[in-house]
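The values are calculated or read from the model by the stated rules, or taken from the named source; none is laboratory data. Since the model is a prediction, treat every value here as computed from it, not as a measurement. Cβ sites come from the backbone with ideal geometry, for glycine too, and all protein chains shown count toward neighbours. Just so you know, the surface numbers come from the protein's heavy atoms only, side chains and all, with ligands and any DNA or RNA stripped out. Shrake-Rupley method; radii C 1.70, N 1.55, O 1.52, S 1.80 Å.
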Amino acid sequence: MAKTGDQDRDALIAQASQWLARLDAGRAAPEAFEAWRSGDPRRAAAFAEVATAWSKLDGLRDVESRKRPAMSRRAWLGGGAALAASLMAAAYLGRDQVLRARTVTGVGERRTLALPDGSSVELNTDTEVLWRFDDKRRRLWLERGEVALTIAQDALRPFELFTRQGLARLAAGQFNARLKPARLDLIVVAGRAVIETAAGRAQAAVEGAADARRALAISAAGVAVTAAPEAEVQAVQAWRRGEIVFEGQRLSEAVEEYNRYLGRKLIIEDPEVGSLRLGGRFLTGDPESFLNALHTTFGIRTITDDPSRILLKSR
């Protein structure tokens, strides 16, 4: 019969393994995980044990695979119960998540991330990326938001961009990736992108300065590849300078775009106002200039009776 202490330890190992698996699958909030781990020193120890065991196991298995057929996980665990073996297997799937670095921007914030290989990632407003480099692969996960990527040349390690829509393998060059509710928009400014999704495979390349930029829309239905409209390319260049550009969009679309950068959201009170079309160049951090332009051009009034919103109304 198992002793109480052994049962407690098995329970902690089980919990730690489950947290690793949930983190890897993206189903656990980092704040909830930290609350669990910091709630009891034994939890932190169990989690460290699980993560460390599988990191070491990878190295051992690489050595052993060159000598003889791989041993079973049960043998590696050396007498552990079947339940513990299965939970540790789940931890194996999750350990990679623990080793990923994470960078986040808040609403209205921009940040540039310098990667170890000389590549760079510019994060737009409200964006989250995870990344991990090793001697074989360069991987970056776009969890939400928008990034501009400048990829350095590395013939031995492909650069892989992961999103919920699929995998993009990027050659040296410049790219812009934006996650939307139902799709990923990827613009190839320079270089080559190969997209792999459950619905199929596609690629696009911009190899010369005179070549048209390419736009890829990746969704559950597949990948659509077109020439990138100049307005879309200009919009990408603009946000990197802290600007936002409108060229004939409806006001409802312009407000939706501007709200990405604002904690205090703009709300169109009158439906007919949303159909107005406008153009102009504005600073993402200066909504007052945008509101002044709406008042001067269309006579739109602003009502600031709520700290969380600004109402837009016609005269």
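Quick notes on this one:
- Residue match in segment 239-248 (condition: loosely packed, with under 14 Cβ neighbours inside 10 Å, without any contact (Cβ under 8 Å) to a residue 60 or more places away in the chain, assigned to a strand (DSSP E or B) and at positive phi): yes
- For Arg132: the one exception among (1) of a type in the set (Lys, Arg); (2) part of a strand (DSSP E or B); (3) closer than 19 Å to Glu196 by Cα: (3)
A quick yes/no check of all residues on (1) touching a residue at least 24 places away in the same chain (Cβ under 8 Å); (2) touching an Asp or Glu at 6+ places or on another chain (Cβ under 8 Å); (3) among the aliphatic types (A, V, I, L, M):
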site	(1), (2), (3)
Asn176	yes, yes, no
Lys180	no, no, no
Arg183	yes, no, no
Ile187	yes, yes, yes
Ile195	yes, no, yes
Arg201	no, no, no
Glu207	no, no, no
Asp211	no, no, no
Ala217	yes, yes, yes
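Residues are listed down the side, and each one gets a yes or a no for (1) within 21 Å of Leu142 (Cα to Cα); (2) at pLDDT 75 or above; (3) out of contact with any Cys (no Cβ under 8 Å at 6 or more places or on another chain):
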residue	(1), (2), (3)
Thr4	no, no, yes
Asp8	no, no, yes
Ala16	no, yes, yes
Arg22	yes, no, yes
Arg27	yes, no, yes
Glu34	no, yes, yes
Pro41	no, yes, yes
Val50	no, no, yes
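- Test: residue in segment 137-159 that is assigned to a loop (DSSP other than H, G, I, E, B), in contact (Cβ under 8 Å) with a residue 40 or more places away in the chain and open to solvent by less than 60 Å² (accessible area, probe 1.4 Å): yes
Conditions tested, residue by residue: (1) at pLDDT 95 or above; (2) hydroxyl-bearing (Ser, Thr, Tyr); (3) surrounded by 16 or more Cβ atoms within 10 Å (Cβ to Cβ); (4) more than 25 Å from Asp154 (Cα to Cα).
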position	(1), (2), (3), (4)
Ala177	yes, no, yes, no
Arg183	no, no, yes, yes
Gly208	no, no, no, no
Arg213	no, no, yes, no
Ala220	no, no, no, yes
Pro229	no, no, no, yes
Ala235	no, no, yes, yes
Val255	yes, no, yes, yes
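- Arg201 being touching a strand residue (DSSP E or B) at 6+ places or on another chain (Cβ under 7 Å), over 30 Å from Ala28 (Cβ atoms) and surrounded by fewer than 15 Cβ atoms within 10 Å (Cβ to Cβ): yes
- Near pairs, Cβ below 7 angstrom, 6+ apart or cross-chain, from segment 250-265 (over 13 Å from Leu312 (Cα atoms)) to any residue that is of a type in the set (Phe, Trp, Tyr): Tyr258/Phe290
Rundown of residues vs (1) within 20 Å of Phe47 (Cα to Cα); (2) at pLDDT below 95; (3) touching a Cys at 6+ places or on another chain (Cβ under 8 Å), yes/no style:
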| position | (1), (2), (3) |
| --- | --- |
| Ala89 | yes, yes, no |
| Tyr92 | yes, yes, no |
| Pro116 | no, yes, no |
| Glu122 | no, no, no |
| Glu128 | no, no, no |
| Arg144 | no, no, no |
| Ala148 | no, no, no |
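- All strands (runs of 3 or more DSSP E) inside segment 255-315 with 1 or more residues being closer than 13 Å to Glu243 by Cα: 277-283
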